[in-house]
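J.: Before I ask anything, here is the structure I am working with.
Coordinate-derived values only; no laboratory data. Note that the structure is predicted; figures quoted are calculated from it, not measured. Positions of Cβ are generated from backbone atoms using ideal geometry, with glycine treated the same way; all protein chains shown enter the neighbour counts.
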Amino acid sequence: MARLALRELCGYRAGDKGDVANVALFASDDETYALIVREVTAARVKEHFGAMVRGRVDRYEAANVRALNFVMQGALGGGGPRSLRADSLGKTLGGALVRLEIDVPESLAGRRRPRPDVSWADEILDA
Amino acid sequence: MITNAGGINPTAAAHAAIDTARKLGVSGITIATVVGDDVHTRLGALHSEAGQPFAHLDTGEPFDAFPGPPLFASAYLGARPIVDALAQGADIVITGRVADASLFLAPLVHEHGWDWDDWDRLAAGILVGHLLECSGQSIGGNYSGDWWALPHPWDLPYPIASVDADGTAVISKPRGSGGRVSTDTLRHQLLYEVHDPARYLSPDVVADFTSARFVDLADDRVRISEVRGTPATETYKLLLSAHAGWAGEARVAFSWPDAYEKAKATAAIFRKRVELADLEVDEWLVEYWGVDALGGPTVPRSASEPPECTLRIAWRCADQRTAGLVGRELVPLTLSAPPAGMTGAGRGAGTSATELLSIWPTLIEKSVVDAEVRVVLEEVD
């Protein structure tokens, strides 16, 4: 077993509806999907976000696209037009979720997602 | 062209479009306006006489707890009035509040002649609409995969959907444009702002996004088929809003050493000065950018100190003037606070207070809304 942050295994996207945020987590293969279905429960996500999410967390499965969707109540300081938060729409909550660490079998621990290569940005910025 | 850009005044938007068409010398087009989503003036009667409970959709709070006079009340209409407008020959359809995905379903129903109880096809159209409604987000925008490797990301286009009469769709993008169309880029959008993906509630149908089959084809194309739907509900989503005070905010940066401690002390000194100035603040929010502003409790405590830290402090007051005065209490701290190393907020500092709105999502029976929905046609000749 290895202990890995979800950022090594999954894609993510967050969205908002009022004071409710959702974060989707995407697995790249069936084995990883089975792993996150087992490990990333609604209760763990609720605990991970602590005081940031005041209300309930519900989890939904979309096996056709190997995704889990977490719906978090009371997660945006009152909702976009009311919130004092810089990230009033919760766009960064996906990144916050993939900090969560889970136990990963050795068979999957080698499949880490690559790190960004932005050398093309240097070419533009140095011009 | 079909748009819900009429916002809370679609009639004025249509007049602006007509004026623009005339100025450009465009003639022989018909502009349709869809009205009736706005139930603001009827709200009280709908509640007390027509028995609409208007309980908060997320919290269940009763309408009695609504915080102040409603500023607007708009129902999310579906595709039907747009299809009516197209059937009457509209070239441009301007609406108020219509669910975004329904804007894309409407031309499919019009062109393919789908029935309003053909749930699987309507669901396919809504799913396609959901994939298209956020422009670049389905083809590489806000993408968490290998975003750095997308072809020329400075030229990210809008996606295109080609939808057959049976509801099968192929998502693509303009030839030679940037971005990428793949099952992975599309699934990022599929669940964006979605709650239960097996029951995506649109005004026109309840779509099961978990039924869809995605197949990657060559050349930035993905085929989507087998989408299933079930009958639409009897209600529309209704969005109400009330004034919620005024907000101000300030950002100041601190350098190493002790950047975080300096930021924290400055926040405390600022708050104390506001208190001594007898300015009433209803809510404070302090964020330490570079430490945990965005991640909050998900960020592990670090043993090493940050090289720099930006304090962002926001406040909410009952009135605009007070919210503005609070910000002034920070200015002298540049020279007169103990923690050295604070920079000014730079050019563009001193923004005025912003009005806050609380929003109250609820439901309303379709029949009481539909009774007032109208399509107004105007010809530009």
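J.: Grab the beta carbon distance between B:Asp117 and B:Thr30, set R0 = 22 Å, and tell me the FRET efficiency rounded to 0.05.
T.: Calculated transfer efficiency: 0.15.
J.: I need the phi-derived Karplus couplings for region A:23-36: 6.51 cos²θ - 1.76 cosθ + 1.60, θ = phi - 60°, integer Hz, Gly and Pro marked x.
T.: 10, 9, 10, 10, 9, 8, 8, 5, 5, 5, 4, 4, 5, 6
J.: Something else now. Working out 0.36 nm times the residue gap between B:Ala318 and B:Val331, then minus their Cα-Cα distance, what length gain in nm do you get to one decimal?
T.: Taking 0.36 nm per residue and subtracting the Cα distance, the gain is 2.5 nm.
J.: Straight-line reach from B:Lys237: which lysines have Cα under 24 Å away, leaving out those fewer than 8 places along the same chain?
T.: Of all the lysines, those that pass the test against B:Lys237 - Cα under 24 Å, at least 8 places apart if same chain - are A:Lys17, A:Lys91, B:Lys366.
J.: For A:Asp16, which sequence-distant residues (separation of 5 or more, or a different chain) have an amide H within less than 5 Å of its own amide H, given hydrogens modelled in the peptide plane?
T.: Excluding prolines and chain starts, which carry no amide H, the hits are A:Asn22, B:Glu193.
J.: Sticking with this one: From a point 7 Å beyond the Cα of B:Glu226 in the direction of its Cβ, which residues of region B:121-148 have a backbone N at a distance under 16 Å?
T.: It comes to B:121, B:124, nothing else.
J.: With only alpha-carbon atoms counted, please give the Rg and Dmax of region B:244-357, in Å.
T.: Over region B:244-357's Cα set, Rg and Dmax evaluate to 14.2, 42 Å.
J.: Separate question: Please identify, among A:Leu100, A:Leu84, A:Leu35, the residue showing maximal mean-square fluctuation in a Gaussian network model of chain A using a 10 angstrom Cα cutoff.
T.: Among A:Leu100, A:Leu84, A:Leu35, the largest GNM mean-square fluctuation belongs to A:Leu84.
J.: Reachable aspartates and glutamates from B:Lys262, Cα under 19 Å, same-chain residues fewer than 8 places away excluded?
T.: B:Glu249, B:Glu287, B:Asp292, B:Glu305, B:Glu308, B:Glu329
J.: Same structure, new question: Given a Förster distance of 35 Å, report the FRET efficiency between B:Thr59 and B:Asn9 from their Cβ-Cβ distance, rounded to the nearest 0.05.
T.: 0.75
J.: If you project the alpha carbons of region B:1-112 onto the principal axes, what extent comes out on each, in Å, largest first?
T.: Largest to smallest, the principal-axis extents are 52, 33, 23 Å.
J.: Can you give me the distance in nm between label points at A:Arg115 and B:Ala268, each placed 7 Å from the Cα along the Cα-to-Cβ direction?
T.: It works out to 3.7 nm between the two label points.
J.: A follow-up question, please. With an 8 Å cut-off on Cα pairs and a minimum separation of 6 or more residues, tell me the relative contact order of region B:244-357 in percent.
T.: Over region B:244-357, the number comes to 49 percent.
J.: Non-local amide H neighbours of A:Leu9 (under 5 Å, H modeled in plane, Pro and chain starts lacking H): which ones?
T.: A:Arg113
J.: For the protein assembly as shown, treating each Cα as an identical point scatterer without solvent, what Debye log10 I(q)/I(0) comes out at q = 0.09, 0.11, 0.12 1/Å?
T.: Rounded to two decimals, the profile gives -0.77, -1.12, -1.29.
J.: Let me ask you something else. What residues have an amide H closer than 5 Å to that of B:Val222, excluding those fewer than 5 places away on the same chain, when H is modeled at 1.01 Å from N in the peptide plane?
T.: The list, which skips near neighbours in sequence, is B:Ile171, B:Leu217.
J.: From Cα pairs below 8 angstrom and at least 6 apart in sequence, can you work out the relative contact order of chain B, rounded to a whole percent?
T.: 21 percent
J.: Right, another one. Please compute the modelled spin-label separation between B:Ala16 and A:Arg3, points set 7 Å along Cα→Cβ, answer in nm with one decimal.
T.: The answer from the label model is 5.5 nm.
J.: Can you classify chain B as rounded, prolate or oblate using the Cα gyration tensor, where a ≥ b ≥ c are the square roots of its eigenvalues, rounded means a/c under 1.5, and otherwise it's prolate if a/b beats b/c and oblate if not?
T.: Prolate.
J.: Pairs of Cα atoms under 8 Å, at least six residues apart: use those to get the relative contact order of region B:1-121, whole percent.
T.: So the answer I get is 39 percent.
J.: Hey, which aspartates and glutamates would be in cross-link range of B:Lys23, C-alpha to C-alpha under 18 Å, not counting anything within fewer than 8 residues on its own chain?
T.: The reachable aspartates and glutamates, counting only those whose Cα sits under 18 Å from B:Lys23, are B:Asp91, B:Glu378, B:Glu379, B:Asp381.
J.: Compute the label zone of A:Arg38 within region A:63-80: residues whose backbone N is under 18 Å from the point 7 Å along Cα-to-Cβ.
T.: A:63, A:66-68
J.: For the pair B:His243 and B:Lys23, what calculated FRET efficiency results from E = 1/(1 + (r/R0)^6), where r is the Cβ-Cβ distance and R0 = 41 Å, to the nearest 0.05?
T.: The calculated FRET efficiency here is 0.65.
J.: Determine, for B:Lys23, B:Lys237, B:Lys272, the number of other Cβ atoms within 10 Å of each Cβ, and report the residues in order from fewest to most.
T.: Lowest to highest Cβ neighbour count: B:Lys23, B:Lys272, B:Lys237.
J.: Let me ask you something else. Can you list the HN-Hα couplings for region B:62-79, worked out from phi with the Karplus curve (6.51, -1.76, 1.60; θ = phi - 60°), rounded to whole Hz and with x for Gly and Pro?
T.: Rounded to whole hertz, the list is x, 4, 4, 8, 4, x, x, x, x, 8, 8, 8, 10, 8, 7, 6, x, 7.
J.: Counting other C-beta atoms within 10 Å, which of B:Asp37, B:Asp370, B:Asp319, B:Asp58 has the fewest, and how do the rest follow?
T.: B:Asp319, B:Asp370, B:Asp58, B:Asp37
J.: Now a separate question. List, in order, the whole-Hz ³J(HN,Hα) value for each residue of region B:122-133 obtained from phi through the Karplus relation with A = 6.51, B = -1.76, C = 1.60 and θ = phi - 60°; use x for Gly and Pro.
T.: My calculation for region B:122-133 gives 4, 5, 4, x, 5, 4, 4, x, 5, 5, 9, 5 Hz in order.
J.: Using only the Cα atoms of region A:2-104, what are the Rg and Dmax in Å?
T.: Cα-based Rg and Dmax for region A:2-104 come out at 13.2, 42 Å.
J.: List the GluC sites (Glu not before Pro) in region B:194-251 that DSSP assigns to loop (not H, G, I, E or B) and whose Cβ has at most 12 other Cβ atoms within 10 Å. Which are they?
T.: B:Glu234
J.: Then there's this: Could I have the simple spin-label model distance between B:Asp278 and B:Ser304, label points 7 Å from Cα toward Cβ, reported in nm to one decimal?
T.: 5.0 nm
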